[in-house]
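Nothing in this text is a laboratory measurement; each read-out follows from the coordinates by a stated rule. Here the structure is a predicted model, which is why all the values come from computation and not from measurement. Cβ placement follows ideal geometry from the backbone for every residue including glycine, while neighbour counts extend to all protein chains displayed.
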Amino acid sequence: MLILTGCSRYTLLNSETYNNADMSDYEKYRIVSRSKGKLPPGMQPVTYSNIVASIRDQMLKRGYHEAPDATLLINIGVTVHHTITPESAADSMRPGHKNQSGPYYNGYYPFFVMPRDFYWNDSETYTRIVKGLYEEGVLTIDMIDTRLMKPLYSSSVATIINPVNGAYRDLPAISQAVSVMFSQYPVPLLEGYRQNKN
């Protein structure tokens, strides 16, 4: 699903539900912690915290509650440009991680805090190849049922990296980008938040 979002400077690149998931079945969620992997190259902890805060805001506005034991896990990824060499591939290996998170497109790949290999079956295709997903700075979330280790939902927005200076955007800009990323999420905003459209 390729969607342009009105006058926003951010573009929703995809919004897909997998495995016939009903996202309204989940009441609690948790966001991947840095201890589950490592941050995408170039991302500082403050940027991770800004993304997490923006996701929390969107989930709260849809009636979800954050809980450390929640089955619904939100994984965070950013597409970064990377020339793949044997040395860099070896550096990116982590326990339980067969190879670098892919797929790849012209040297670009999405790098997730928790490797997708934990829940992504290579024999199944959950996302269509959308060229925009492999542009630098694309922010992607995967929502996973951790009991089944199955993906439920994924969405991507371009771009949280400023193309002029290559730096990650600040909190207000990330908040706006995440709002666009949730714009087609299958659980609507609660009534009190709908007039703001955020």
Hand me the trypsin sites (Lys or Arg not before Pro) from segment 155-198 located in a DSSP loop with no more than 10 other Cβ atoms within 10 Å, in residue order please. LYS197
Note down the nm distance, to one decimal, between modelled labels 7 Å out along Cα→Cβ at MET23 and at ASP57. 1.7 nm
Sorted peptide list for 10-16, 32-38, criterion being average Cβ within 10 angstrom, highest first: 10-16, 32-38
Which translational diffusion coefficient, to the nearest whole µm²/s, is obtained for segment 151-198 from the Stokes-Einstein equation, given a Kirkwood hydrodynamic radius over C-alpha pairs, 4 °C and 1.567 mPa s? 105 µm²/s
Expressed in nanometres to one decimal, the distance between label points 7 Å along Cα→Cβ at LEU171 and VAL46 is 1.1 nm
